[in-house]
Amino acid sequence: MSVVAVVSLIFFVVGLLLGVSAMLHGTERPVAPKVAPHERRSEHDPASEPSPVANRSTVAAFAVAFGLTGYLMSRQSAWPAWGTVLTAIAVGGAAFALQSLLIARWAIPSARADEPDPRYLLQGTLARVTQSADINGTGELVYVLDGHECALPVRSLDGTALAEGVDVVIDRVDEGVAYAELWATVEQRL
């Protein structure tokens, strides 16, 4: 196997790994939240927007296209190594440009336009009741999100009492009050 074929395979495998990483972890930049998670009005944070050019998915697109083109050309054509490498770079560059265009014209504008209902941003979050809530009364719960511990007033979703120390699942946050259901009840449905 030629040097060009080996290098191309390495690029291809690295590109696949970067692509999987981008799919699993996204391309957004990590930023520290400015407000408590229950005070967010949207999942979109402009500070976390990825660069449409310099991110994992564009590098992955280049590496996969370069690697695949270089490998196939080195195995299936009689071109000299420099011609194979230049063609692979051109195809990789085209894939890079298309991926950048896709992010700039579709992904980022879609994230900006997404307006989820803020009441349901914490839906499914596990929490622990720290102050009991009587029937149709209000207590307090604590949950951890994005590494931050937050407290909220809590009411039972079905109007029953919530004892101190029980685990609950937040259904929604309406006017600063979390409506939650016992974890044991949710667990039975799963």
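Quick note: the coordinates plus some simple rules give every number you see, no bench work behind them. Note that the structure is a prediction, hence the values are computed from the model and not measured. Heads up, the Cβs are rebuilt from the backbone with ideal geometry, glycines too, and the neighbour counts pull from every protein chain shown.
Of the candidates Glu49, Glu140, Glu175, which one comes out as most mobile in a Gaussian network treatment of the chain with C-alpha springs shorter than 10 Å?
Comparing Glu49, Glu140, Glu175 in the GNM, the peak value goes to Glu175.
Relative to the longest principal axis of the C-alpha atoms of the chain, give the angle of the C-alpha long axis of helix 81-102, reported between 0 and 90° and rounded to the nearest 10°.
On a 0 to 90 degree scale, this one is about 30.
Relative to 2.2 N^0.38 Å, what does the C-alpha radius of gyration of region 83-161 come to as a ratio? Two decimals please.
Normalised Cα radius of gyration, region 83-161: 2.08.
Can you classify region 119-189 as rounded, prolate or oblate using the Cα gyration tensor, where a ≥ b ≥ c are the square roots of its eigenvalues, rounded means a/c under 1.5, and otherwise it's prolate if a/b beats b/c and oblate if not?
rounded
With each run of n ≥ 4 DSSP H residues scored as -39500 (n - 2.57), what mean residue ellipticity at 222 nm is computed for the chain after dividing by its residue count and rounding to the nearest 500 deg cm²/dmol?
One gets -14000 deg cm²/dmol as the mean residue ellipticity at 222 nm.
Between beta-carbons, use under 14 Å as the cut-off and find the net charge around Leu182, counting Lys and Arg +1, Asp and Glu -1.
Counting the neighbours of Leu182, the net charge comes to -3.
Where does helix 3-25 land angle-wise versus the long Cα axis of the chain, in degrees 0 to 90, nearest 10?
On a 0 to 90 degree scale, this one is about 20.
Specify the angular offset, from 0 to 90 degrees and rounded to the nearest 10, of the alpha carbon long axis of helix 56-76 from the longest principal axis of the alpha carbons in the chain.
30 degrees
Around Arg172, with a cut-off of 12 angstrom between Cβ atoms, what is the net charge of the other residues, counting Lys and Arg +1 and Asp and Glu -1?
Taking every Cβ under 12 Å from that of Arg172, the sum is -3.
Rounded to the nearest 20 Debye, what is the dipole magnitude of the chain about its Cα centre when Lys and Arg each give +1 and Asp and Glu each give -1 at the C-beta? Don't jump to the answer; show the numbers that get you there.
Working: 13 positive and 20 negative charges, 258 e Å.
Taking the Cα centre of the chain as origin, the dipole is about 1240 debye.
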